[in-house]
1. For region 326-379, name all the residues that are farther than 15 Å from residue 307 by Cα, surrounded by 15 or more Cβ atoms within 10 Å (Cβ to Cβ) and in contact with a strand residue (DSSP E or B) (Cβ under 7 Å, 6 or more places away or on another chain).
2. Which residue is nearest to the chain's Cα centre (by Cα), if the candidates are limited to region 361-378 and must be farther than 22 Å from residue 296 by Cα and in contact (Cβ under 8 Å) with a residue 60 or more places away in the chain?
3. Residue by residue through region 1-39, note down the ones that are closer than 16 Å to residue 83 by Cβ and modelled with pLDDT of 80 or more.
4. If I go through region 386-427 residue by residue, how many of them are in contact (Cβ under 8 Å) with a residue 40 or more places away in the chain and either outside the structural domain of residue 438 (by TED's automatic domain parsing) or outside any helix (DSSP H, G or I) (or both)?
5. What number of residues within region 259-302 are outside any helix (DSSP H, G or I), in contact with a helix residue (DSSP H, G or I) (Cβ under 6 Å, 6 or more places away or on another chain) and within 24 Å of residue 364 (Cβ to Cβ)?
6. If you take the residues of region 428-448 that are part of a loop (DSSP other than H, G, I, E, B) and at pLDDT 95 or above, which of them is surrounded by the most Cβ atoms within 10 Å (Cβ to Cβ)?
7. Residue 231: surrounded by fewer than 18 Cβ atoms within 10 Å (Cβ to Cβ), part of a loop (DSSP other than H, G, I, E, B) and not assigned by TED's automatic domain parsing to the domain that holds residue 431, yes or no?
8. Quick one: which residue in 309, 299 is under 16 Å from residue 335 (Cβ atoms) and at pLDDT 95 or above?
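The values are calculated or read from the model by the stated rules, or taken from the named source; none is laboratory data. Worth saying up front: this structure is predicted, and the values here are computed from it rather than measured. Note that we place each Cβ from the backbone using ideal geometry, even for glycine, and neighbour counts take in every protein chain shown.
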């Protein structure tokens, strides 16, 4: 009987669960590992006890025992995600990043809120070791969102952001230099995703888009740059250039003016002057805009050129008797015809007709130029003395000709040129280009440009 009892006790002892004693840990082997928190619903459960012992084994450096305990916890409760997280750290200790990543991913799948700080941090560290920095940054940001009090983590996120932007920027610039513009745009877009408040990234992206013919996208990103950095004079100027090339002269003028309000720049100032002139010209009648290419101009064309570009010389020079003109009411250049006639620069004919469609000859241009130059001489008598006293000789126009004085002044001042053999060619029709050249020279002599 005694023998049977002894055998029964031995069998009972053999069949009872073995109690595993965790070692005492004075110096953790992996102090950088973040221990997962056990949800309150699992507190005191056998799975929680397994996990607790497993973490102690892990910090003691006994990876096999740690794995056994964490696996036992999952066998008991398959949804016990802290054990899955802990297995990820076991694999990190074994330097098996891919195996670790699968455990952390599984832990986050099991966690209904997907906010297990330990799993997020472990996953981020593994991704970093795998050189998947963009994903690592996202995991670190998720960990920081789970626990905003982690100041060290916040600093790490900022460092990673900077590194990510720096690397992405270098790659984007290399691609742009290599002419791989579509890829460069993608690289800049990725860099902006990491640092959305960096104005220089938008400026550089816009520059690549402009080079790639994506004008609308370029303007959008230049404008984003100036929103983030209102002192970005260069981006305002770039917006102006794009708008100017697209024919939006008024918009371009506003952008150039915005740029100059921030920073003086002779080049931008010149572009502003030019685009304002082009804007004004674009608002003028089509007949005026066609003058420069006309093989010959008429009196309406010349009146418009003078009235628009030399308006200052016409002011305060109106004739006291006015000018009665009967045939320009419906003419496109009526306003300027009246202005030049009242100023005495272009006279109507004896019957009060201006004859706006009559072709302008070189002698007609010389007479109008001489009358304008007389107004210039009032402003600068010393300079005008040279051309007023000149008595030039022309092979086809005698000094006794009625138009000779005007022709001499026009050529001596440099406003008009002579032809072959020093001929003036008084009856030759004037081209649009010739008329514009003469008016431009008068502008220069009068200091109006």
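1. 360, 361
2. Kept after step one, since they are farther than 22 Å from residue 296 by Cα, are these residues of region 361-378: 373-378.
Next, only the ones that are in contact (Cβ under 8 Å) with a residue 60 or more places away in the chain stay: 373, 375-376.
On the way: 373: 47, 375: 48, 376: 46 Å.
So, considering only residues that are farther than 22 Å from residue 296 by Cα and in contact (Cβ under 8 Å) with a residue 60 or more places away in the chain, the one nearest to the chain's Cα centre (by Cα) is 376.
3. Start the filter on region 1-39 by keeping residues that are closer than 16 Å to residue 83 by Cβ, which leaves 20, 22, 33-39.
Listed by number, the residues that qualify are 33, 34, 35, 36, 37, 38, 39.
4. The total comes to 8.
5. Number of matching residues: 2.
6. So in region 428-448, the residues part of a loop (DSSP other than H, G, I, E, B) come out as 428, 430-431, 447-448.
Narrowing further to those that are at pLDDT 95 or above: 428, 430-431.
Values: 428: 15, 430: 23, 431: 17.
Filtering first and then ranking leaves 430.
7. Numbers: surrounded by fewer than 18 Cβ atoms within 10 Å (Cβ to Cβ): yes; part of a loop (DSSP other than H, G, I, E, B): yes; not assigned by TED's automatic domain parsing to the domain that holds residue 431: yes.
Spelling it out, residue 231 is indeed surrounded by fewer than 18 Cβ atoms within 10 Å (Cβ to Cβ), part of a loop (DSSP other than H, G, I, E, B) and not assigned by TED's automatic domain parsing to the domain that holds residue 431.
8. Values: 309 fails: at pLDDT 95 or above.
299 is the lone residue from the list that is under 16 Å from residue 335 (Cβ atoms) and at pLDDT 95 or above.
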